[in-house]
Structure formats: C-alpha cells, structure tokens
Amino acid sequence: MYPPSIEKLIHHFSKFPTIGPRTATRFAFYCLNAPEKEIKELMSALQEVRNSLSFCKICFRSIAKEKEFCSVCANRGRERDVICVVEKEADLLAIEKTNEYNGIYFILGGTISPLKKEDFKKIRAKELKERIENHKDHGLPKIKEVIIATNQNTEGEATANYVSRILTSLNIKHTRLGRGLPTGGELEYADEDTLTHSLKGRK
Ligand SMILES: [Zn+2]
C-alpha cells in the first residue's frame, strides 16, 4: 500500500506495546514529515538508550552501564529473601511508590498470551529459574517467599500460572496479589491504596 521504506517503518512501530497498525502508520508519516533535526535527535536518543544502559544483575531493572546493581538490589536494608516478580519496570515503580514492600524484585520483561504457547520464550523464565536456584551464589539468603505480581488480565493470569508452575517445581513458597485492582487489572495504573491493599491481601 505504501512505499517499502514506509511499510518497514510501520512494521517496526507496530511492534511497540499497545500500538496498532493505524497508530503505527501515523507515527511513520509523522517521521516522514518531521523536521530533520528532530529525527536526528530521535535516532541518537535510541542509540544512547541502548549504548548507555544495561540491566541489574539481580532483577533486570535498567541501570547505567557502569553499575552492576540497581538501587533496590544494592540497598542492604531490603529483605533479600522475598522476591516480587513483575512484568515490567513500570510495575516495579508502582509497587515502590506504595512504600509497603521491602523485598527485592525480578522483572520478567513481558507476558505470555494464553493462545501463543511459544510466548514463554519472550519472558525471562530461564533467568528466573537460575535466579532462584543460584540465589545463594549471589550472597543472598534462602528465599522465603516469591510474590507473583502480574497484571490481573488474561495475559497476566497466563503469565502468573506459568511462573507458578516453575516455582512449584522448585519447591518455593509463592503467593499472588489479592484481587481488586481496577478494570484492566494493570498495576501501573492502580492507585497506591489499592495496590497496598492488593499486596497485603496476597495469598
Ligand atoms: Zn536490581
């Protein structure tokens, strides 16, 4: 429908979370018509984010390349025997904002769709297993509890079930957030009181 170079750009934008083909097309045409300077800045920002950041060795949060651990994992005051498994960094930040949680995290980096079995390759399932099995190798204490804090929607549920099976196979005590997040069940958009309630009501 469009020249190949535009189709290619639409294809790339379509991969972004929550972006459908229509919005992707609008983005592509925006890029085509935007001032040269703006596009150059966008390209260098993309490169910079890839080149200057890396992941925390414990929880996979994004950190400055020269660091090894994120501020949560580096904090000796945190309970290192409780791990909260979240889908993405924004969910970690939402939980941090409640000031109710004092453990550490693990970021899965995605979700599993119940219809696409191969999706499990898209989350850090292998890394989570390693994380749990080698917890002590990092000088961390024996794991007391893993809280599965995925979103309360179809993908979040499928992901939680998958993680739960891994933890059961490793004989690790795990809990799920209590019900009650607003429609859509997304942690990222829940207010602090609701999220606190959900954390306290875990089972
Ligand atoms: Zn970390």
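We did not get these values from a lab; they are worked out from the coordinates using the rules stated. Just so you know, these numbers come straight off a predicted model, no measurement behind them. No Cβ is skipped: glycine too gets one built from the backbone with ideal geometry, and neighbour counts run over all protein chains shown.
One quarter of the surface of the convex hull around the alpha-carbon atoms of region 1-69 equals 6.0 nm², the direction-averaged projected area. Set the Cα radius of gyration of the chain against 2.2 N^0.38 Å, with N its number of residues, and you get 1.16.
So what is the relative contact order for the chain, in percent, with contacts set as C-alpha pairs under 8 Å and at least six apart? Intermediate values should be presented prior to the final figure.
Numbers: 280 pairs, mean separation 31.2, N = 203.
Worked out over the chain, it gives 15 percent.
Based on alpha carbons, the Rg and Dmax found for region 12-127 are 17.7, 52 Å.
Basic side chains Lys and Arg get +1 at the Cβ, acidic Asp and Glu get -1 at the Cβ, and with that the dipole of region 85-203 about its Cα centre reaches some 660 debye.
The H on the amide N of Ser113, modeled in the peptide plane, is under 5 Å from the matching H of Asp119, each at least 5 residues off or on a different chain.
Let me make sure I get this right: for region 62-169, a, b and c are the square roots of the gyration tensor eigenvalues over alpha carbons, sorted descending. Under 1.5 in a/c it's rounded, otherwise prolate if a/b > b/c, else oblate. Which is it?
Details: a/c = 1.65, a/b = 1.45, b/c = 1.14.
Prolate.
Computed 3J(HN,Hα) for region 53-61, one whole-Hz value per residue from the Karplus formula 6.51 cos²θ - 1.76 cosθ + 1.60 where θ = phi - 60°, is 10, 9, 10, 4, 5, 9, 10, 6, 6, glycine and proline marked x. Adding -39500 (n - 2.57) for every DSSP H run of four residues or longer, then dividing by how many residues the chain holds, sets the calculated 222 nm ellipticity at -13500 deg cm²/dmol. Restricting the GluC sites (Glu not before Pro) of region 1-79 to loop positions (DSSP other than H, G, I, E, B) with no more than 16 neighbouring Cβ atoms within 10 Å leaves Glu66, Glu68, Glu79. The phi torsions of region 77-92, fed into the Karplus equation with coefficients 6.51, -1.76 and 1.60 and a -60° offset, translate into couplings of x, 7, 6, 8, 9, 10, 10, 9, 8, 10, 6, 8, 4, 4, 6, 4 Hz, rounded to whole numbers, with Gly and Pro shown as x. Quick one: helix 36-52 against the long Cα principal axis of the chain, what's the angle to the nearest 10°, folded into 0 to 90? Value to nearest ten degrees: 30.
Overall, the chain carries a charge dipole of about 640 debye about its Cα centre when +1 sits on the Cβ of Lys and Arg and -1 on the Cβ of Asp and Glu, all other atoms neutral. Loop-located trypsin sites (Lys or Arg not before Pro) across region 12-62 with a Cβ neighbour count of 11 or fewer within 10 Å are Lys15, with loop assigned by DSSP.
Considering the dipole of region 4-53 built from charges on the beta carbon (Lys and Arg +1, Asp and Glu -1) around the Cα centre, which of Phe16, Leu32, Ser52 is farthest to its positive end? Toward the positive end, the furthest listed residue is Phe16.
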